[in-house]
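Take a look at the structure set out below.
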Amino acid sequence: MRTTPKTPDTHTNVLSRRTLLAMAGAVGAAASLPGNARALVTNGAALDGELLGVQPDTWADQGKAITQALETAARQGKALFLPPGRYVATRIELPAGGHLAGARGQTSMLGQGEAPILATRGARDAAISGIDFDDRFKAADNRTGMVMLEDCAGLRIRDCSFRAAIRPMLKLSRCGGEITGNLFEKGLDNALLALDSVGLRIDGNDVRDMGDNGILVWRSAPGEDGTIVTGNRIARIGSRSGGNGQWGNGINIYRAGNVVAANNRITDCALSAVRNNAGANCQIVGNNTTRSGETAIFVEFGFSGAVVANNIVDRASTGISITNYNEGGRLATVTGNVVRDLYRDPSRLEGEPQAYGIGIAAEADTVVSGNVIENAPWIGLVLGYGRYLNDVVASDNVIRGGDYGIGVSVVKGAGKALVRGNLVSGTRKAAIAGFDHDAAVTGDLLASDAGRYPHLTLAQNTLG
C-alpha cells in the first residue's frame, strides 16, 4: 500500500502457572467430546495426541511434541487429534499431508513469547481443523503472524478460531487451498493476510472486532492471483494505525489480479467495505455493505479492469468510487448497484471529496448503468475530476435527492462523456451540472444549452 503497516503497540499479560491451571480447570469441566471429534479416534482416522506424549494443561511448551506427533500420524496417513485442553505451543510444524485436529471450542492453542504458535513451510495437502488459537499471552511488539504458513498447496483450515492477537492472526504466503468456516475476532492487527496466493478460496468465515483490517489479498508485485473471497461476514473493522487507506477495510485487494469478492456481508468498517488498490480484472459483486466510514467500495490507483455489480451500499461517505485515472486506473463497469443514504463526514476538512456525500464516482473508460442512487447529500453521480475524464457512459440510472443528480467535469482537457436515459428527481440545485473539480460552474444542463461543451453528449434524460 502507500505506506508500510505499523507494528501495533500494546501490553499483554504474562502467562503464569496459576492462570493456566485456572483455565485448565474450566476446560476439565467440559462435557464429553463432540461426536465428530471422538469419531476421529474411535474409527482409526486419528491418533490421540496424549498417547504420543503431548501434554495439555501444562505451562511447558508443547510445540516440539506436537510436531513430532504430527509426523508420526502423517506417516500412518492419519490425523493427530488433540483432546480438549489448553496447549501452550510455539513453532508447531505441519508435515506434508499432516492434519492437526481438535474438539471445536474445547481444544485451545496458547501463544507465548515472540514466536508464532504454528509456522510451516512447504507442507502440501496439510489441514487444521477444530483448533482455537488464542494469543492473549503473546509478548508485545512482534511482527510475525500468530499462525504462519508458506508455500503450502492444497491447504485446508476449517472450523478454527483465532482470537486476541496483537499481530496478524493468520498469515499465508504463496499458499493455495481453502480457508472456510473459521472465526477471527478481537485482534489489534488484521485477521487474514494472503500474500502471493495460488488458487486460494476464503469462504464462509466470521471476521469481527479487528483493529486495522479484515481480509487482505495482496501480492508482492502486480500479477494474477485468482483468490475467491465469498460468503464471509465481516463486522467492526477499525483503523487503529491511521493512514489514508492502508487500514480500516473489510476486504483489501492490493496489486492482486483476477480476485473475486462476492456475496459478503460487511458492516461498520472505518474506511471501506471492499477496497481494490491496483488489482486488475477484479470482480466486486453481490456484497451487502452497511455503515462504511469512507468509500464503501473503492477501486483505485493503477487498477485495470473492474466489475462492480449488484452490490448494496447503505450508509457511507461515498458509495462507490472508480478513480485515479491520473495513476492509470481505468476500464470498469458499474451496474445494478443500490446506493442509499450517504452522508457528509464532519471529521474531514471542507474541500476534501470524502467530506461530501457522493453516490457513485467514475473517471475513465467506464460504463455506469442501471444503478439506483438515493439520498446522496452532495452529488448522486460524479463523472470525472478536473481533466481526468475519459470515455465514460452514464445511462439508465435512477438518482433521487441531493444537491446535484449528476456532476460532470467541464474543464479544459476533459475527455468524452455520454449521459443518456437517466432519471433524476428531487435534487435541490440541479439535475445535471458541469464541475471544475469540486465547484459547480454551470447551471442545470438539462435546462440550458449544453452544446458549448463538445465533449459532452446529453440525451433522453428525464427530470422527475
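The values are calculated or read from the model by the stated rules, or taken from the named source; none is laboratory data. Worth saying up front: this structure is predicted, and the values here are computed from it rather than measured. Glycine also receives a Cβ, built like all others from the backbone with ideal geometry; neighbour counts cover every protein chain displayed.
Identify, please: which residue in the range 281-310 is over 15 Å from the mean Cα position of the chain (by Cα) and surrounded by 21 or more Cβ atoms within 10 Å (Cβ to Cβ) and is, among those, nearest to residue 373 (Cα to Cα)?
Ranking the candidates gives 308 first.
Of the residues 123, 65, 101, 69, which single one is in a helix (DSSP H, G or I), buried (at least 23 other Cβ atoms within 10 Å of the Cβ) and either in contact (Cβ under 8 Å) with a residue 12 or more places away in the chain or among the basic types (Lys, Arg) (or both)?
Being in a helix (DSSP H, G or I), buried (at least 23 other Cβ atoms within 10 Å of the Cβ) and either in contact (Cβ under 8 Å) with a residue 12 or more places away in the chain or among the basic types (Lys, Arg) (or both) holds for just one of 123, 65, 101, 69, which is 69.
Would you check if residue 419 is under 31 Å from the mean Cα position of the chain (by Cα), under 20 Å from residue 331 (Cβ atoms), surrounded by 17 or more Cβ atoms within 10 Å (Cβ to Cβ) and without any contact (Cβ under 8 Å) to a residue 60 or more places away in the chain? Give the derivation first.
Numbers: under 31 Å from the mean Cα position of the chain (by Cα): no; under 20 Å from residue 331 (Cβ atoms): yes; surrounded by 17 or more Cβ atoms within 10 Å (Cβ to Cβ): yes; without any contact (Cβ under 8 Å) to a residue 60 or more places away in the chain: yes.
Answer is no for this residue.
State the number of residues belonging to the range 106-116 that are part of a loop (DSSP other than H, G, I, E, B) and modelled with pLDDT under 95.
So the answer is 5.
Might you let me know whether the range 369-389 holds any residue that is under 25 Å from residue 218 (Cα atoms) and at pLDDT 95 or above? Can you show your working first?
Initially, the range 369-389 is screened for residues under 25 Å from residue 218 (Cα atoms), giving none.
No, every residue in the range 369-389 fails to be under 25 Å from residue 218 (Cα atoms) and at pLDDT 95 or above.
Show me the strands (runs of 3 or more DSSP E) entirely contained within the range 297-344 in which 2 or more residues are aliphatic (A, V, I, L, M) and closer than 14 Å to residue 363 by Cβ.
304-309, 312-322, 330-335
Has the range 255-277 got any residue that is of a type in the set (Gly, Ala, Ser), under 20 Å from residue 172 (Cα atoms), part of a loop (DSSP other than H, G, I, E, B) and modelled with pLDDT of 95 or more?
no
I'd like the residue in the range 239-254 that is more than 19 Å from residue 186 (Cβ to Cβ) and of a type in the set (Gly, Ala, Ser) and, out of all such residues, is modelled with the lowest pLDDT.
Across the range 239-254, the extreme among qualifying residues is 243.
Assuming residue 180 fulfils every condition listed in (1) surrounded by 24 or more Cβ atoms within 10 Å (Cβ to Cβ); (2) out of contact with any Leu (no Cβ under 6 Å at 6 or more places or on another chain) apart from one, which condition is it?
If we test residue 180 against (1) surrounded by 24 or more Cβ atoms within 10 Å (Cβ to Cβ); (2) out of contact with any Leu (no Cβ under 6 Å at 6 or more places or on another chain), just (1) comes out false.
Got at least one residue in the range 73-81 being more than 21 Å from residue 178 (Cβ to Cβ), basic (Lys, Arg), in contact with a Pro (Cβ under 7 Å, 6 or more places away or on another chain) and modelled with pLDDT of 95 or more?
No.
Of everything in the range 32-59 that's assigned to a loop (DSSP other than H, G, I, E, B) and either modelled with pLDDT of 95 or more or closer than 12 Å to residue 103 by Cβ (or both), which residue is nearest to the chain's Cα centre (by Cα)?
Per the stated criteria, the residue is 34.
Does any residue of the range 74-82 turn out to be in contact (Cβ under 8 Å) with a residue 24 or more places away in the chain, among the aromatic types (Phe, Trp, Tyr), assigned to a loop (DSSP other than H, G, I, E, B) and farther than 17 Å from residue 165 by Cβ?
Checked the range 74-82: no residue is in contact (Cβ under 8 Å) with a residue 24 or more places away in the chain, among the aromatic types (Phe, Trp, Tyr), assigned to a loop (DSSP other than H, G, I, E, B) and farther than 17 Å from residue 165 by Cβ.
With the requirement that a residue be without any contact (Cβ under 8 Å) to a residue 40 or more places away in the chain, within 15 Å of residue 382 (Cβ to Cβ) and either polar (S, T, N, Q) or crowded, with 16+ Cβ neighbours inside 10 Å (or both), what does the range 436-464 give you?
440, 442, 445
On the basis of being in contact (Cβ under 8 Å) with a residue 60 or more places away in the chain and of a type in the set (A, V, I, L, M), does residue 188 make the cut? Let's see the steps before the verdict.
Values: in contact (Cβ under 8 Å) with a residue 60 or more places away in the chain: yes; of a type in the set (A, V, I, L, M): yes.
The answer is yes for residue 188.
Return the total of residues in the range 221-245 being outside any strand (DSSP E or B), under 22 Å from residue 307 (Cα atoms) and either aliphatic (A, V, I, L, M) or in contact with a Ser or Thr (Cβ under 8 Å, 6 or more places away or on another chain) (or both).
Result for the range 221-245: 4.
Yes or no: residue 324 on the phi > 0 side of the Ramachandran plot, modelled with pLDDT under 95 and polar (S, T, N, Q)?
Working: on the phi > 0 side of the Ramachandran plot: yes; modelled with pLDDT under 95: yes; polar (S, T, N, Q): yes.
Yes: the conditions hold for residue 324.
For the range 357-414, what are the residues that are touching an Asp or Glu at 6+ places or on another chain (Cβ under 9 Å), within 20 Å of residue 454 (Cβ to Cβ), not in a loop (DSSP other than H, G, I, E, B) and not small (Gly, Ala, Ser)?
Hits for the range 357-414 are 365, 383, 385, 388, 390, 391, 392.
In the range 164-220, which residues are β-branched (Val, Ile, Thr) and either part of a loop (DSSP other than H, G, I, E, B) or at pLDDT below 95 (or both)?
Step one: of the range 164-220, the residues β-branched (Val, Ile, Thr) are 166, 179-180, 198, 202, 207, 215, 217.
Passing the criteria: 166, 198.
When you look at residue 135, is it under 25 Å from residue 197 (Cβ atoms) and modelled with pLDDT under 95, yes or no?
Taking the combined requirement at face value, the residue satisfies it.
Got at least one residue in the range 384-407 being over 26 Å from residue 426 (Cβ atoms), without any contact (Cβ under 8 Å) to a residue 40 or more places away in the chain and crowded, with 21+ Cβ neighbours inside 10 Å?
Scanning the range 384-407, I find no residue that is over 26 Å from residue 426 (Cβ atoms), without any contact (Cβ under 8 Å) to a residue 40 or more places away in the chain and crowded, with 21+ Cβ neighbours inside 10 Å, so the answer is no.
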